[in-house]
1. If one takes the longest principal axis of the Cα atoms in the chain, at what angle in degrees, from 0 to 90 and to the nearest 10, does the Cα axis of helix 243-256 lie?
2. Magnitude of the Cβ-charge dipole of the chain, K/R +1 and D/E -1, about the Cα centre, nearest 20 debye?
3. Helix 22-31 versus the longest principal axis of the chain: what angle, 0 to 90°, nearest 10, using Cα atoms?
4. Put a dot 7 Å past each Cα toward the Cβ at residue 171 and residue 370; how far apart are the dots in nm?
5. Counting each DSSP H run of 4 or more residues in the chain as -39500 (n - 2.57), what helix-only mean residue ellipticity at 222 nm follows after dividing by all residues, to the nearest 500 deg cm²/dmol?
6. How about residue 141: which aspartates and glutamates have a C-alpha closer than 20 Å to its C-alpha, ignoring those fewer than 8 places off in the same chain?
7. Kindly provide log₁₀ I(q)/I(0) values, in the same order as q = 0.10, 0.12 Å⁻¹, from the Debye equation applied to equal alpha-carbon scatterers of the chain.
8. Measure out, as a whole number of angstrom, how far apart the alpha-carbon centroids of segment 320-346 and segment 83-122 sit.
Amino acid sequence: MDRIRIRGGRALKGEIPISGAKNATLPLMIASLLTEDTLVLDNVPQLADVTLLQRILGNHGVDVMLSGKRPGESEHAGQTVQLSAKNIVDTTAPYHLVSKMRASFWVIGPLLARVGQARVSLPGGCAIGTRPVDFHLAALKMLGAAIEIEGGFVIASAREGLRGARIPFPKVSVGATHTAMLAASLARGESVIENAAREPEIVDVAACLEKMGAKISGAGTGTIRIEGVERLHGARHAVLPDRIETGTYAMAAAMAGGDVELLGARPELLEAPLELLARAGVEVTRTNAGIRIRRDGAGLLPVEIATAPFPGFPTDLQAQLMALMTRARGTSRITETIFENRFMHVQELARLGARIHLDGETATVEGVERLKGAPVMATDLRASVSLVIAGLAAEGETVVHRVYHLDRGFERLEQKLARCGAAIERVTG
Ligand code: UD1
């Protein structure tokens, strides 16, 4: 199994190109199920999750074609993926695929809307909490679907097609908002999603659906209105830049010190994290090409923050921020409000010398003078990258095991950091 080896203590200097957003790419690929025409997606990142979703969609009958690079294209340009769901040959998404990636459960909405039935495995357990799918199922029921659970599968059907409905969510859910929006696009009549997620990835998917002929307004606000259409057609859409990758490298640069420009990053996608970094004493500036992050030798100031749905501080940057705050001059408090049990990185950071005390959903991080390298274990996607960030500032060698978690969501992480002077390498086997 691959590992990542880091020798800490080097400042970062240079440029890091930001890839297309994983969390937009996955629902965008799934949207291809809604039309028999071809959906072309540009700026698709090369990630294990994308490859896995190709397999899952292929199983339903989607032809997936990856275009090679065009002459003169930068090595960091994202891929172009063409998806063509001319015929849906199978409406079952099996356990062995869905259990590997929760977002693949989201095929349920488009399958149901397009062909009136879907049999999708329940995703099962997950390292960062129970993560149920009850909101997804409630939304589909409101759109007129019959839902049964049998043998670990959700069996959904709507023989007469889906019909528009009012869908009030009790709590903000990114995935359930995607499910409702994708399904309602092909339902008869108007749907109104209330307490919708406002994440930029929702806005990106809505924009793509509109190019495909959907009638959607209000994406990016708490109320999304969708006038269902009879059919959707093909379109071409470029995936927006990854705000979580952007925030991760911003924190890496803040941790190691130095001067890094994040190319293609869009500051408006992560105002809360950038503002927090500025408060902690990191220099954050907008440039024509993206965002510049600078920190000279000065110590970091501690912060107090709670994660929240967009536009709040994202849960997907909580672990990275915690790594950064292990070296702040003072005590930080970080509260996780979205997922229970999303503190798996705490014990691993402690192995590097971090002082973190957990009390329910709040972590109190007492900044220390120095971290010391050690072997550590990645437990989930965002936790694993927090260990890399800590390793950049730890004295001596840090080896992060189980990096397949990283490969799910970070494209060429070690290359991007090494280009800026980090002593980081992948050890295979
Ligand atoms: C998405 C993101 C993930 C991010 C999360 C929160 C993708 C592929 N993944 O995950 O990176 O961390 O949003 O920003 O985009 N919930 C229920 N019932 C449901 C659905 C959700 O109780 O049916 C709860 C969850 O357990 C959690 C909260 O709602 O406590 C928010 O989860 P949700 O926004 O749905 O997360 P995902 O869409 O799975």
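1. That helix lies at roughly 10 degrees to the long axis.
2. Numbers: 49 positive and 47 negative charges, 72 e Å.
Once rounded to the nearest 20, the dipole reads 340 debye.
3. Tilt relative to the chain: about 10 degrees.
4. In this crude spin-label approximation the distance works out to 4.3 nm.
5. Details: 14 runs with 130 residues, N = 429.
Taken over the chain, the calculation gives -8500 deg cm²/dmol.
6. Those aspartates and glutamates meeting the cut-off are 150, 160, 190, 194, 227, 230.
7. Log10 of I(q)/I(0), two decimals: -0.68, -0.97.
8. 35
The values are calculated or read from the model by the stated rules, or taken from the named source; none is laboratory data. Note that this is a predicted model, so its numbers are computed, not measured. No Cβ is skipped: glycine too gets one built from the backbone with ideal geometry, and neighbour counts run over all protein chains shown. In case anyone asks, the SASA skips ligands and DNA or RNA and just uses the protein heavy atoms, side chains included. Shrake-Rupley method; radii C 1.70, N 1.55, O 1.52, S 1.80 Å.
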